Amino acid sequence: MVESNNLIVFPLSPNVTNDHLIEIFSNYGTILNATITNETQNGGFKAIVTFSDKHQAEEARNALHHGYIDGNVVKVRYQ
């Protein structure tokens, strides 16, 4: 079930930029916004990635959940 067009991605290394996230996630659809936010409890950073369409967000979540971004295994969840 598609829940949202917003995804939360964490934990991210401090080396990851908004442009880096857009490059990765745009393989799955049109990105409206990608914003890296404050540090998580685990010491990494998190980001919110907003797609133009819920189905694109679902495709990205399915492909990237438990994948690697800059050496970190990331979780991708709906916001």
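A few notes on this one:
- Residues satisfying the stated conditions in region 19-40, i.e. among the polar types (S, T, N, Q) and either surrounded by 15 or more Cβ atoms within 10 Å (Cβ to Cβ) or at pLDDT 95 or above (or both): S26, N27, T30, N33, T35
- Annotation: of all residues in region 35-74 being closer than 18 Å to N15 by Cβ and assigned to a loop (DSSP other than H, G, I, E, B), the one that is nearest to the chain's Cα centre (by Cα) is V74.
- Scanning region 1-36 for residues that are among the polar types (S, T, N, Q), under 15 Å from G67 (Cα atoms) and without any contact (Cβ under 8 Å) to a residue 40 or more places away in the chain gives a single hit, N27.
- Taking the criterion of being under 14 Å from R61 (Cβ atoms) and in a helix (DSSP H, G or I), the residues of region 19-34 that qualify are L21, I24, F25, N27, Y28.
- Selection status of R77, in a strand (DSSP E or B), in contact (Cβ under 8 Å) with a residue 12 or more places away in the chain and among the basic types (K, R): yes
- Members of region 8-18 that are surrounded by 20 or more Cβ atoms within 10 Å (Cβ to Cβ) and closer than 16 Å to A63 by Cβ: V9
The values are calculated or read from the model by the stated rules, or taken from the named source; none is laboratory data. Worth saying up front: this structure is predicted, and the values here are computed from it rather than measured. Using ideal geometry, Cβ is built from the backbone for each residue, glycine included, and neighbour counts are taken over all protein chains shown.
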